[in-house]
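Asker: Dropping the structure in here first, questions after.
Since every read-out is calculated from the coordinates, none of them should be taken as a lab result. The shown structure was predicted, so the numbers you read here are calculated from the model rather than taken from an experiment. Counting neighbours? That spans all protein chains shown, and the Cβs are built from the backbone with ideal geometry, glycine included.
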């Protein structure tokens, strides 16, 4: 019985510690402050300590727009933060990620130019993070249409 009590106390204590480290407003402000000039805020995503380790968000993206996704994790270790995968709905190919394979770190921003309008999956995986908390903010910039010369 004593072992069960110690296990529960340890588990609940570590969960409470994770919840205390999760300050969404600070993470959100930090992500929003990174939006480049000329880009328009589109959507934000929260990763709560109570969520499963991976969230799959369905989003619609339009051809000809450049998208940025800014990621802020409560986990300070760039090796263990939030992994982002942008996947095409039809052929399931990963089109963009924030994982820098050469440095083996997770970057805070990914950029993507949409080639075709459609449904995409934005997968946010923080199963390897020590602190399960984060925010992702998406913005876009429509490329100017070039006028044909007469």
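Asker: Please give the length that would be gained between residue 52 and residue 103 if that part of the chain were fully extended, namely 0.36 nm times their separation in residues minus their C-alpha to C-alpha distance (nm, one decimal).
Answerer: Result: 15.7 nm gained on full extension.
Asker: A further question on this structure: Among 60, 131, which comes first, then next, by fewest other beta-carbon atoms within 10 Å?
Answerer: Placing the least packed residue first, the sequence is 60, 131.
Asker: Where does each of 37, 58 land when they are ranked from fewest to most other beta-carbon atoms within 10 angstrom?
Answerer: With the sparsest Cβ surroundings first, the list reads 37, 58.
Asker: Divide the volume of the convex hull of the Cα atoms of the stretch 2-142 by its number of residues and quote the answer in cubic angstrom per residue.
Answerer: 118
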